[in-house]
Every structure is written in structure tokens, then in C-alpha cells.
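The values are calculated or read from the model by the stated rules, or taken from the named source; none is laboratory data. Note that this is a predicted model, so its numbers are computed, not measured. As a convention, Cβ positions derive from the backbone with ideal geometry for all residues, glycine included, and neighbour counts pool all protein chains shown. The protein model used for the area step is the full one, side chains on, heavy atoms only, and it has no ligands, DNA or RNA in it. Shrake-Rupley method; radii C 1.70, N 1.55, O 1.52, S 1.80 Å.
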Amino acid sequence: MRLTFGDTRLLALAAGAIAVGVVLFLNASRKQRKRKKLPYKDESDTVYVVQIPRGKKVPSPSPFPIKLETYLRIAKIPYENVFARKFSSKGKIPWIRHRGKDVPDSQFAIEYLNEQFNVDLEAHLTKEERAMSRAFLKMVEENLYWALACYRFIHDDVRKADYPSVIPTWALLLFGRRIKKYAWGQGMGRHSVEEIFHITKLDFEAISDYLGDKKFLFGDKPCVADCAVFGMLVQVVFNQTYSPHNALIKNEFPNLERFCWTMRNAFWPDWDQILAA
Amino acid sequence: MGILLSSKKPTFDDTSNTVFLVQIPRGRKVPSVSPFPLKLETYLRMAKIPHESVISNALSPKGKTPWIHHRGRDIADSQFCIEYLNKEFGVNIDEHLTTEQQAISRAILKMVEENFYWVLVCYRWVYSDPQNAGFAQKLPSWLLYLISKRVKGYANGQGMGRHTPDEVFHIGKLDLQALSDYLGDKKFFFGDKPCVTDCSVFGMLAQLVLNQTEAPLYALIQSEFPNLERFCLTMRDTYWPDWNDVLKPVAAAT
């Protein structure tokens, strides 16, 4: 078979692409090996939090690691971050490892840690307030989350959302396609852009109206719901500041921004150092 | 098979002010085996909006059910329907709530519809035999299998489907506890007058208290959260005095 000039060019291109691919792969493997290894069995009390690497504007472009880390800081539980793209047994991230035991899902992790460390951030709440705390937690994590996810991954350009550079664009876009599929099944994905914005606004309004002038949702001491709200709103107030949601908070619900600053100053005094690292 | 009604879009009288509520066929023990038609119909009765049920499997423009048709317009999603109807008919069954109560009301609504709903879905479609869901007639196994598979995929994407049955039960218990603790001794969630959230909670809990009474979550309600059962019966007796009449044609057909 005689190769034409065109065939040769194609072969050279293919060889070049393969070479580049091999180099990138080897480089990534080297970086992976250099990254902190997760202790398999550690008898210390340290809680290892496995989460995706830091953003540049926010400690995490995802709400759940921020919720979890904020809780750990409030509860003064010794912890160490492990920045990796290692997913839990449930296929998600963040998750924790403590004394060799893996606990996926931020809420199950918190329940586990409450038991292990004899912590209850809700001890000061009345029975009724605990009920409301759960309701707000669920509204934020099971409703507002999807509204904001649809905005970030479907309506807007996900590359603007402060993901760390170690996560390549193609991975973000692939994840976005998955979110679109999940959102369709969950329900939020079936609404129009305007309808989703409307739903977001009603959720913001509910949190804002309930918060009022209070320092935290239920007074002067924060609870888990505050961590969840903070993790979610941080994405609007400090991360996607160009979004219409940010403008909405500034114009109509300024106490939500005030709340984010309060949480950040109280529990993340090292915010700037973390982002500069 | 009567249950496999045509999915062809029904025709409506667009000259009348009647709200046509398109919903799946009545259940054997509850006016709907789905929480959302029950929520919507209870709201229509509460707000005294003239309406007519149209039993059909036709799906809304968003690919779901129930939906409404009013003066030539199709509106999908129970909550958007309620917002539309509030505006069209100048009603607001939430108007007696303070600003703070409205906020709490929304949080409870969302907890029930976006979290507890998936607990029920996992129980009905994944952990137990969907044939027990209270349908008017025995549905073909292949249809239930297909629906089950799709629902399992949705639950996995939403998140609930990734937990174990014990974890899902635990999540359900915490939601029920929150509902029970907030309701307390009150007649409705915010006192003596009900609101949209009461309709939603009723639509959801009726699936356990009045429909799938074999479910472990119902046993939990009976033993630990009896005020939730009391609430369901109050809602039923107040807004569905014709409950048995609504179910009668179903009982006759089966």
C-alpha cells in the first residue's frame, strides 16, 4: 500500500496527538503520586476531609465541602483536608475518613461526627427550632442547590465558576451534561430559565425573611443549617459575583450577604490566606 | 385495561372559568396515589375555586402530571399552578401567615416535596412491590418494571437513590420528626387556618396514613408521630367529606 502525502500528514498528526496524550498522562500520574496520600488506618482523632482542590475566590466551588469544613471549625473538631478527585462509595464528594472508617455524604458525616465527638450544634435550639432548622437545611440542599446548579452548568458558562485548574474543562463540561440529566429527573431541569430564577428568588426570600436582623438563623449561635446556607450562598456572594443571583441578593436581600460575611469572618479568618496559597 | 387510558390530550371548554385538573386515575384507597394531584385538588377545594377533575394519563408540557387547563392555557407543576390560580382568582390562602411564617412554610413545603418525596419514591418503586401503591387496577408487570427502572435512575441522580434502605428510612424519620415537632398540638401547621403547605404535607402523608399502611414509615407515624395521622384525618374530614364517594367508582370497577 503506497502512502499518499495526505496519509503521512494524518499519521504524523495522530502520532503527535498520542505523544502529547502520553506526556500529559505521565505528568498527571506524577502529580497524583506527589499529592497527599490518604491514611488507610489512622488511630488519631484527626478527621480527613476528602474534597476537590481549592478555588481562587472561594475555598470550594462546591457548597458541601464548605458546609462540612465550616461545621468542623465551629465544632472545633481536629481535621485535615485531602485535596483529591477521589469519589466516595456513593460516587460523590466530599466525604470523610476517621479512624479508618469512610463516611460519605456531608449530612451523614456530620451525624457521625456529632456522635464520635459528642457535639450538637443544635443543642441550644427548641424542638420547634430544630424542626425549622431541618426544613431550611433541606430547602437549601434539595431545592436551591438544583436551581443554582442549573444556572452554573446549564444556563451559564461553567468555566467562570472558579473551579481549580487541575479539573480540565472537558471534565467540567461532562459533569455539566450529567447535572443536566440529573436535574431533569429531579424536576428542576424541566423549568425554564425564568422559572428557575423565580424559584431561586423565593428561596432567597424565605431565608432572608427568616434570618431578619439576627446574626445567625436562630440567634447568636450558629447551627448546621447556617453552615449549609453559608456553603450555598458563598457561591453567589463570593464566587459567581457576575450572576443575576448576586445582583438579586445585593438589591433585595442584603442581609444574606451580611450573613455570609459574618460566617466568613467568624469561622474563616484565614479565608484570604487559603485562597492565596 | 382501563388504567392504560389514552395519553391523548383531552379537550376542554375554554369559555368557562372552570379549572380543569388533569390527573392520573383515582386510587383504590386515596383520591390519588400521587401526592401532587392530591395537594392541588385539596388546594382547589380550600380556595373554593371552581374546578373539574379530568382523569387522563396525558402529560403536561413539562412531561409530568398533574397539570391544569384554564381558559385555553396549560400550566404544569403543582406549585406554578397554585401561583397562577392565586393570581387569576385573587385568592391567597397563605395571607394569614406572618412574613416569618411564610418563610417557614416554604421551607417545610420544600423539605416535603424535594426530600421526603424521594424517600417515599424509593420505598414505593425500589424497596417494595409497586403493585402495592394503591392503583385502581392491577398494572401490567412490564409497565411497573419500566417505571421502576426510570424512577430508580431519577432517584440516583437526585441523590436519595445512592443511600441504603436503612439510611433512607432514617432520613424519612428525621423529616417526619421535624413535621411532627413543628405541628405539635396545632390543628394545621400554622394554627387554625390551613395554607398551601398543609395541602402539600397532606398529599404526601396521605400516601402512608391512608394508602400504603403496610409501610414501615406508617408504623413509625403511628408509634412516634401520631399527631401526623391526626393531621391527615383532620384534612380529609374537612376538605374531603366526599372521600368515600370519590373512591366509590373505583371500588365498583375493581
Within the range B:169-181, does at least one residue satisfy the condition of being more than 11 Å from chain A (Cβ to nearest Cβ), among the charged types (D, E, K, R) and not in a helix (DSSP H, G or I)? no
Quick one: is A:Phe175 loosely packed, with under 15 Cβ neighbours inside 10 Å, within 14 Å of chain B (Cβ to nearest Cβ) and of a type in the set (A, V, I, L, M, F, W, C)? yes
Filter the range A:189-198 for residues that are more than 9 Å from chain B (Cβ to nearest Cβ) and assigned to a helix (DSSP H, G or I) and give the result. A:Gly189, A:Val193, A:Glu194, A:Ile196, A:Phe197
Check the range B:234-246 and report whether any residue there is within 19 Å of B:Val121 (Cβ to Cβ) and part of a helix (DSSP H, G or I). no
Has the range B:76-95 got any residue that is more than 12 Å from chain A (Cβ to nearest Cβ) and touching a strand residue (DSSP E or B) at 6+ places or on another chain (Cβ under 6 Å)? yes
Taking the range B:129-142 as the region of interest, how many residues are out of contact with any Asp or Glu (no Cβ under 8 Å at 6 or more places or on another chain) and touching a residue at least 12 places away in the same chain (Cβ under 8 Å)? 9
Hey, A:Lys201 among the basic types (Lys, Arg), more than 16 Å from A:Glu141 (Cβ to Cβ), open to solvent by 10 Å² or more (accessible area, probe 1.4 Å) and not in a helix (DSSP H, G or I) or not: no
Quick one: is B:Ser200 open to solvent by less than 30 Å² (accessible area, probe 1.4 Å), within 14 Å of chain A (Cβ to nearest Cβ) and touching a Lys or Arg at 6+ places or on another chain (Cβ under 8 Å)? yes
Got at least one residue in the range B:11-18 being open to solvent by less than 40 Å² (accessible area, probe 1.4 Å), part of a helix (DSSP H, G or I) and within 19 Å of B:Val91 (Cα to Cα)? no
Taking only pairs six or more apart or across chains, which ones have beta-carbon atoms under 8 Å, a first residue in the range B:230-247 that is within 15 Å of B:Arg26 (Cα to Cα), and a second residue that is open to solvent by less than 60 Å² (accessible area, probe 1.4 Å) and among the aliphatic types (A, V, I, L, M)? B:Trp240/B:Val246; B:Leu247/B:Val30
In this structure, does A:Arg33 turn out to be over 13 Å from the mean Cα position of the chain (by Cα) and at pLDDT 95 or above? no
Within the range B:21-40, can you find the residues that are over 10 Å from the mean Cα position of the chain (by Cα) and open to solvent by 10 Å² or more (accessible area, probe 1.4 Å)? B:Ile24, B:Pro25, B:Arg26, B:Arg28, B:Lys29
Within the set of pairs 6+ apart or on separate chains, which have a first residue in the range A:207-224 that is farther than 14 Å from A:Ile74 by Cβ and within 14 Å of chain B (Cβ to nearest Cβ), a second that is in a loop (DSSP other than H, G, I, E, B) and of a type in the set (Phe, Trp, Tyr), and C-beta atoms under 7 Å apart? A:Ser208/A:Phe253
Could you tell me whether A:Met232 is in contact (Cβ under 8 Å) with a residue 60 or more places away in the chain, within 14 Å of chain B (Cβ to nearest Cβ) and either within 24 Å of A:Arg134 (Cα to Cα) or in contact with a Cys (Cβ under 6 Å, 6 or more places away or on another chain) (or both)? yes
I need a count of the residues in the range B:182-194 that are within 14 Å of chain A (Cβ to nearest Cβ) and in contact with a helix residue (DSSP H, G or I) (Cβ under 6 Å, 6 or more places away or on another chain). 4
Within the range A:156-172, the count of residues that are open to solvent by 70 Å² or more (accessible area, probe 1.4 Å) and either within 10 Å of chain B (Cβ to nearest Cβ) or more than 16 Å from the chain's Cα centre (by Cα) (or both) comes to 1
